[in-house]
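In what follows, a single structure is set out as C-alpha cells and then discussed.
The values are calculated or read from the model by the stated rules, or taken from the named source; none is laboratory data. Note that the coordinates shown come from a computational prediction; the quantities given were computed from them, not determined experimentally. Positions of Cβ are backbone-derived with ideal geometry, glycine not excepted, and every protein chain shown enters the neighbour counts.
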Amino acid sequence: MLEGARTAHFRLIIVDGKAYVEKYKKSVPSRDLFTVWGIAQLLRLYPGRLPDLEMMFDCNDQPVIKSRDYKGPNAGPPPLFRYCSNRWSLDIVFPDWPETNIKPWKHLSKGIKEGNKRVKWEDRVPLAYWKGTPKMAASRRDLMNCNISDRHNWGALLYTQAKAMGEASSHYVHEDLKMDYVYDYMFHLLNEYARLLKFKSTIPPKAVELCPEVMACAAAGVWKKYMLESLEEAPSDTIPCTLPPPYDPQALKAFLDGKFTKTKQVESWENEYWDKQNVKQ
C-alpha cells in the first residue's frame with residue numbers, strides 16, 4: 001500500500017464508522033475535497049455499515065499501476081484508487097464528484113429532463129457542447145477532426161444514428177446512473193476491498209476526522225451551495241442492493257472473448273469502409 005502512496009494525493013481511513021483523511025499533496029483544483037465529500041455522504045447514507053479500511057487516492061486522470069509490471073501469483077499490485085483506468089492498468093476505479101459549476105446529480109438530472117422536453121430533436125441546433133480537453137487521449141484528438149463532408153452520404157445516416165444514440169444514452173443516464181446506484185457501487189467496492197486487507201487499520205497521527213458539517217461551513221460560494229444541496233440529511237431507509245456473484249473463470253473468459261470479437265468486427269467494418277473510399281478517390 002505504501003508503494004501506492006508515491007502518486008497519491010490523500011489517504012483515507014475508516015475506523016469504527018468514522019472517516020479520517022491524511023493529505024499528501026494538493027490536487028487539481030479541488031478534486032480531493034469533493035471526492036472526500038462524496039465518501040462522507042456515503043457514510044451518512046449507510047452509517048455503521050462500512051468496515052475498517054484505509055485507501056490511497058490519486059486525483060490525477062491517467063492510471064499509473066501498469067498490469068505488465070505485476071505478473072505472477074505473488075505479484076500483487078499496490079492498491080490505488082482513482083477516477084479512471086483501462087485494460088492495461090490495475091488502478092481501482094472510483095466515482096468522481098462534480099466540483100466545477102456542475103450541480104449535484106439529483107438536481108441536474110431534473111434540469112436535463114426538462115430541457116429535453118423543451119425542444120424536439122428535429123428542431124435543435126446541430127451543434128454539440130463538450131466540456132473537456134482533447135489532449136488527454138488520441139481518440140479525443142481524432143474526434144476534434146471529425147466533420148461532415150459533402151463528399152460522403154453521412155448526413156442522413158449520422159442524423160438517424162445520433163438520435164437513437166442520444167435517446168439510448170439519456171435513458172441509461174437517468175435510469176442506471178441514479179445516485180442510489182452510485183452510492184451502492186461505492187459501498188460494495190469498499191466492502192470487497194476491505195475484505196482483502198490483511199492488517200488492522202489505525203488512525204495516522206496527521207489524519208483529520210472527516211466532518212461534513214465542518215466542510216460545508218468552511219466552503220463558500222458555489223461550492224458551499226452544491227455541498228448543501230448534495231448533503232445526505234438522513235440514513236437510507238433501505239439496505240444497499242445485493243451484489244451479484246462474481247464471474248466464474250469460464251463465464252469471464254466467454255465475456256472477454258465476446259467483447260474482443262465484437263471490437264475486431266467493428267474495426268474490420270471501419271477498415272473496409274475506408275478502403276472503399278480510397279479506391280473511389
Yes or no: Asn101 part of a loop (DSSP other than H, G, I, E, B) and either over 14 Å from the mean Cα position of the chain (by Cα) or of a type in the set (Gly, Ala, Ser) (or both)? yes
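For every residue, the table says whether it meets (1) in a loop (DSSP other than H, G, I, E, B); (2) closer than 26 Å to Ile112 by Cα; (3) modelled with pLDDT under 95.
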residue	(1), (2), (3)
Arg151	yes, no, yes
Thr160	no, yes, yes
Glu175	no, yes, yes
Phe199	yes, no, yes
Cys217	no, no, yes
Lys225	no, yes, yes
Right, Pro245: surrounded by fewer than 10 Cβ atoms within 10 Å (Cβ to Cβ), out of contact with any strand residue (DSSP E or B) (no Cβ under 9 Å at 6 or more places or on another chain), within 27 Å of Leu80 (Cβ to Cβ) and not acidic (Asp, Glu) or not? yes
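So that you can scan it fast, the table gives a plain yes or no per residue for (1) within 24 Å of Ser236 (Cβ to Cβ); (2) modelled with pLDDT under 85; (3) charged (D, E, K, R); (4) in contact with a helix residue (DSSP H, G or I) (Cβ under 6 Å, 6 or more places away or on another chain):
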position: Ile39; (1), (2), (3), (4): yes, no, no, no
position: Pro47; (1), (2), (3), (4): yes, no, no, no
position: Tyr70; (1), (2), (3), (4): no, no, no, no
position: Ala75; (1), (2), (3), (4): no, yes, no, no
position: Arg82; (1), (2), (3), (4): no, no, yes, no
position: Lys113; (1), (2), (3), (4): yes, no, yes, no
Looking at region 166-194, I want the residues that are not assigned by TED's automatic domain parsing to the domain that holds Arg82 and have a partner that is among the aliphatic types (A, V, I, L, M) and modelled with pLDDT under 95 with Cβ atoms under 8 Å, at least 6 apart or on another chain. Which pairs are those? Ser170/Ile112; Val173/Ile112; His174/Ile112
Just checking, does region 28-39 include any residue being closer than 22 Å to Tyr181 by Cα, in contact (Cβ under 8 Å) with a residue 60 or more places away in the chain and over 17 Å from the mean Cα position of the chain (by Cα)? no
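Search region 128-141 for residues being at pLDDT below 75 and surrounded by fewer than 13 Cβ atoms within 10 Å (Cβ to Cβ), and hand back the single one that is farthest from Phe94 (Cα to Cα).
Looking at residues that are at pLDDT below 75 and surrounded by fewer than 13 Cβ atoms within 10 Å (Cβ to Cβ), I get Ala128.
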